[in-house]
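Q: I am attaching a structure below and will ask some questions about it afterwards.
The values are calculated or read from the model by the stated rules, or taken from the named source; none is laboratory data. Values in this document were obtained by computation on a predicted structure and should not be read as measured data. Here the Cβ positions follow ideal geometry from the backbone for every residue, glycine too, while neighbour counts run over all protein chains shown.
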Ligand code: SF4
């Protein structure tokens, strides 16, 4: 069975105002001990799983690796190589895709060459916007020039798989600036593009400010939900005409460049997460490590599993995941197969949503209606209710 390996590097240079991830600004002194703990977690993984009654997957072959964060490109490339070496030593490996997340301002020719040499073949770059006013307001460290420089450096270093992401709904974003960011990104022709809609929740400083009715972090300059939905819909049309395949709600790729690692999440295939806050799934159980990097490292260094949360996925949860994760993929789901696997009849609810124009049949598969992707959450709530 093939599996993915995810390594979480929770360190950033600053905290972006919209960020709701468990990442932060930590002393550089923590970097090396943290990565040593990740390497130890990988090396001792079989024992840690056994002791915690987690089923191992027989004959696991790790074929995708994703080092994400945070900003893993802040780490010394030698340290990143050590992470890949630990995976190579701890698992049977046959790498098909090895991704590193990198922020544009951290990318140098020396680092890019060292990443290639270590075995990374794909870079996921946090672009977010091509407008400095928006980048500054969001607390990002890079500016538009850094995006062009970084892309040139990565191409020169031989990276043929570059992913870049934009955020729709940043403070100060207008129709004009959004359209120009999409146009500039298309001109760079990355093999993969992600577009995320701005999330307003209490997990970020900006979200909290909005919920409290304040105006710090340019909260008053946020585009409305309708404007943001318009950004997304216009981007869908432009990316399609530029030859990108829209294969997941937030993801597009030139043919053949879909993210193999991320497809594992949506297809409910196994993946093992290492590092603080990393999540894992073996097909029947899900578990997550402690979020605090120092607490994670000290638990691992005592020879213990740093798991904070573990659950066995019930049949009902598995069905919900099949629907939720399956429908995020634009190709759609085989409803009859799911119904027979779970012994359930979803036809009445599906028919209701189809009549409302939210779902549709396409080539025998059930999928989200292409013009309602921006309101996909509404469909999921109704379908899983
Ligand atoms: S760089 Fe990414 S992970 Fe770090 S604070 Fe910004 S959005 Fe969050």
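Q: What about residue 125, is it outside any strand (DSSP E or B) and either more than 16 Å from the ligand (Cβ to nearest atom) or assigned by TED's automatic domain parsing to the domain that holds residue 215 (or both)?
A: no
Q: Go through (1) part of a helix (DSSP H, G or I); (2) away from the ligand (no atom under 16 Å from the Cβ); (3) surrounded by fewer than 17 Cβ atoms within 10 Å (Cβ to Cβ) one by one and return the number of the condition residue 79 breaks.
A: (3)
Q: Further question on the same structure: Give the residue that is surrounded by the fewest Cβ atoms within 10 Å (Cβ to Cβ), with candidates limited to residues of region 28-45 that are within 16 Å of the ligand (Cβ to nearest atom) and in contact (Cβ under 8 Å) with a residue 12 or more places away in the chain.
A: For region 28-45, the residue satisfying everything is 30.
Q: What single numbered condition from (1) assigned to a strand (DSSP E or B); (2) within 16 Å of the ligand (Cβ to nearest atom) fails to hold for residue 105?
A: So the condition that residue 105 fails would be (1).
Q: Within region 11-22, identify whether any single residue is in contact with a helix residue (DSSP H, G or I) (Cβ under 8 Å, 6 or more places away or on another chain), within 27 Å of residue 199 (Cβ to Cβ) and away from the ligand (no atom under 16 Å from the Cβ), and answer yes or no.
A: no
Q: Name the residues in region 192-214 that are assigned to a helix (DSSP H, G or I), closer than 19 Å to residue 231 by Cβ and free of Cβ contacts under 8 Å to residues at least 40 places away in the same chain, would you?
A: The one that is assigned to a helix (DSSP H, G or I), closer than 19 Å to residue 231 by Cβ and free of Cβ contacts under 8 Å to residues at least 40 places away in the same chain: 210.
Q: What is the one condition in (1) within 16 Å of the ligand (Cβ to nearest atom); (2) surrounded by 22 or more Cβ atoms within 10 Å (Cβ to Cβ) that residue 154 does not satisfy?
A: So the condition that residue 154 fails would be (1).
Q: Ok, one more. Count, please, the residues in region 342-357 that happen to be more than 29 Å from the chain's Cα centre (by Cα) and not in a helix (DSSP H, G or I).
A: Number of matching residues: 5.
Q: Could you say which residue among 7, 25 is surrounded by 15 or more Cβ atoms within 10 Å (Cβ to Cβ) and either closer than 13 Å to residue 82 by Cα or within 16 Å of the ligand (Cβ to nearest atom) (or both)?
A: Exactly one of 7, 25 is surrounded by 15 or more Cβ atoms within 10 Å (Cβ to Cβ) and either closer than 13 Å to residue 82 by Cα or within 16 Å of the ligand (Cβ to nearest atom) (or both), namely 7.
Q: Can you report the number of residues in region 82-102 which are out of contact with any strand residue (DSSP E or B) (no Cβ under 6 Å at 6 or more places or on another chain) and within 13 Å of the ligand (Cβ to nearest atom)?
A: So the count comes out to 0.
Q: A follow-up question, please. Please go through region 275-310 and give me each residue that is touching a strand residue (DSSP E or B) at 6+ places or on another chain (Cβ under 7 Å), in contact (Cβ under 8 Å) with a residue 24 or more places away in the chain, more than 27 Å from residue 128 (Cα to Cα) and surrounded by fewer than 19 Cβ atoms within 10 Å (Cβ to Cβ), ordered by number.
A: Across region 275-310, the qualifying residues are 284, 285, 286, 307, 310.
Q: Now, a different point. Restricting region 370-384 to residues that are surrounded by fewer than 13 Cβ atoms within 10 Å (Cβ to Cβ) and without any contact (Cβ under 8 Å) to a residue 24 or more places away in the chain, which is farthest from residue 319 (Cα to Cα)?
A: The selected residue is 377.
Q: Being part of a helix (DSSP H, G or I) and either surrounded by 15 or more Cβ atoms within 10 Å (Cβ to Cβ) or not assigned by TED's automatic domain parsing to the domain that holds residue 35 (or both) narrows it down to one residue among 159, 272, 231, 257; which is it?
A: That would be 231, the only listed residue that is part of a helix (DSSP H, G or I) and either surrounded by 15 or more Cβ atoms within 10 Å (Cβ to Cβ) or not assigned by TED's automatic domain parsing to the domain that holds residue 35 (or both).
Q: Given 253, 288, which one is out of contact with any helix residue (DSSP H, G or I) (no Cβ under 9 Å at 6 or more places or on another chain) and more than 17 Å from residue 69 (Cα to Cα)?
A: Residue meeting the stated conditions: 253.
Q: Taking residue 139, is it surrounded by fewer than 23 Cβ atoms within 10 Å (Cβ to Cβ) and either outside the structural domain of residue 29 (by TED's automatic domain parsing) or assigned to a strand (DSSP E or B) (or both)?
A: No, not satisfied.
Q: Can you find a residue that is assigned to a helix (DSSP H, G or I), more than 16 Å from the ligand (Cβ to nearest atom) and crowded, with 16+ Cβ neighbours inside 10 Å anywhere in region 46-69?
A: Scanning region 46-69, I find at least one residue that is assigned to a helix (DSSP H, G or I), more than 16 Å from the ligand (Cβ to nearest atom) and crowded, with 16+ Cβ neighbours inside 10 Å, so the answer is yes.
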